[in-house]
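The values are calculated or read from the model by the stated rules, or taken from the named source; none is laboratory data. Computed from a prediction, not measured in an experiment: that's the story for all the values here. Positions of Cβ are generated from backbone atoms using ideal geometry, with glycine treated the same way; all protein chains shown enter the neighbour counts.
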Amino acid sequence: MVDKVFEKSIIKQFEFDEEVASVFDDMLNRSVPFYKEMQRLSINFACNFLEENDKVYDLGCSTASTLIELSKHCEHNLELIGIDNSSAMLNRAAKKAKAFGVDIELINADLHDVEYANAKLILSNYTLQFIRPLQREKLVKKVFDSLKEEGIFIFSEKVISSNSKLNKQSIDEYYEFKKTQGYSEFEISQKREALENVLIPYTEEENRKMILDAGFSHCETIFKWVNFATFIAIK
Ligand SMILES: Nc1ncnc2c1ncn2[C@@H]1O[C@H](C[S@+](CC[C@H]([NH3+])C(=O)[O-])CC(=O)[O-])[C@@H](O)[C@H]1O
Ligand SMILES: O=C(O)C(=O)Cc1ccccc1
């Protein structure tokens, strides 16, 4: 279904409710520049580290697109676990996983409340940005502690620039991108307002610091388009 959530006047903050979930795949494809390419790269980098029966978590799995694609592309059998606290998203995830014949354990929980023991890979594309600072650092430390030796954490985030001129230009470039995807100025500004204080982006440097402070030995940006970045961290 096509995303028309912000065509009408919205008074509430952005939420991953039934309305958003019903158009979510379209929303992500049209709102995150190079979403498919970023997903392809996350999966390729992940596959290179994975072995038979490895445990993989996706934090904020939404409709489970990434885990389904991972299982299609990886030659090994994997234990796939998707976590999200939106029932509307997980209902769709369950239907999609069934339709694609992929076995995924779906857990409806807050990311802070789950134990991620013995993971080889933890994925989290465009989800940490919704976790409040301090809690975010705590979660990343938990991710580090849960990974096996040489385990990897792949995550993507909307980022900001510490240079105000570049930051403004990045926002302008992003809005131009959204216009090319068919969103009107009204929809763009409505969504921006709804995301205020809900989506809290860090700079690329703050993300890297958070990762290294948690104990990871390496952090690399494997993809970046203006203010959207994908990182790989190695324990
Ligand atoms: N505290 C939380 N606990 C659990 N889930 C949460 C929490 N906060 C947010 N979520 C969940 O995180 C997901 C973020 S979307 C991820 C896209 C996906 N990774 C994809 O590549 O398809 C990104 C976006 O919409 O920008 C939503 O499904 C929320 O319900
Ligand atoms: O759409 C936006 O304005 C964004 O900032 C990115 C985004 C994409 C999908 C859900 C939430 C935020």
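Counting only residues that are assigned to a helix (DSSP H, G or I) and more than 11 Å from ligand 2 (Cβ to nearest atom), which one in region 174-196 is modelled with the lowest pLDDT?
Among residues in region 174-196 that are assigned to a helix (DSSP H, G or I) and more than 11 Å from ligand 2 (Cβ to nearest atom), the one modelled with the lowest pLDDT is 186.
Can you say whether residue 84 is within 8 Å of ligand 1 (Cβ to nearest atom) and in contact with a helix residue (DSSP H, G or I) (Cβ under 6 Å, 6 or more places away or on another chain), as far as the supplied structure shows?
Working: within 8 Å of ligand 1 (Cβ to nearest atom): yes; in contact with a helix residue (DSSP H, G or I) (Cβ under 6 Å, 6 or more places away or on another chain): yes.
Criteria met by residue 84.
Report every pair of residues separated by at least 6 positions or lying on different chains whose Cβ atoms are under 7 Å apart, first residue within region 194-223 and over 30 Å from residue 12 (Cβ atoms) and of a type in the set (Ser, Thr, Tyr), second more than 16 Å from ligand 1 (Cβ to nearest atom) and at pLDDT 95 or above.
Listed by first residue and then by second, the contacts come to 217/234; 217/235; 221/204.
For every residue, the table says whether it meets (1) over 17 Å from the mean Cα position of the chain (by Cα); (2) closer than 23 Å to residue 178 by Cα; (3) away from ligand 2 (no atom under 12 Å from the Cβ).
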{"residue": "9", "(1), (2), (3)": "yes, yes, yes"}
{"residue": "30", "(1), (2), (3)": "no, yes, no"}
{"residue": "44", "(1), (2), (3)": "no, no, yes"}
{"residue": "56", "(1), (2), (3)": "no, no, yes"}
{"residue": "62", "(1), (2), (3)": "no, yes, no"}
{"residue": "78", "(1), (2), (3)": "yes, no, yes"}
{"residue": "81", "(1), (2), (3)": "no, no, yes"}
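Yes or no, residue by residue, for (1) assigned to a loop (DSSP other than H, G, I, E, B); (2) of a type in the set (Ser, Thr, Tyr); (3) out of contact with any Lys or Arg (no Cβ under 9 Å at 6 or more places or on another chain):
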| site | (1), (2), (3) |
| --- | --- |
| 58 | no, no, yes |
| 63 | yes, yes, no |
| 68 | no, no, no |
| 80 | no, no, no |
| 89 | no, no, yes |
| 92 | no, no, yes |
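Here's the yes/no breakdown for (1) in a helix (DSSP H, G or I); (2) more than 26 Å from residue 6 (Cβ to Cβ); (3) more than 16 Å from ligand 1 (Cβ to nearest atom); (4) β-branched (Val, Ile, Thr):
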site: 121; (1), (2), (3), (4): no, yes, no, no
site: 124; (1), (2), (3), (4): no, no, no, no
site: 143; (1), (2), (3), (4): yes, yes, no, yes
site: 149; (1), (2), (3), (4): no, yes, yes, no
site: 153; (1), (2), (3), (4): no, yes, no, no
site: 159; (1), (2), (3), (4): no, no, no, yes
site: 167; (1), (2), (3), (4): yes, no, yes, no
site: 198; (1), (2), (3), (4): no, no, no, yes
site: 213; (1), (2), (3), (4): yes, yes, yes, no
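Just for region 5-60: of the residues that are of a type in the set (Lys, Arg) and in contact (Cβ under 8 Å) with a residue 60 or more places away in the chain, which one is nearest to residue 229 (Cα to Cα)?
Per the stated criteria, the residue is 30.
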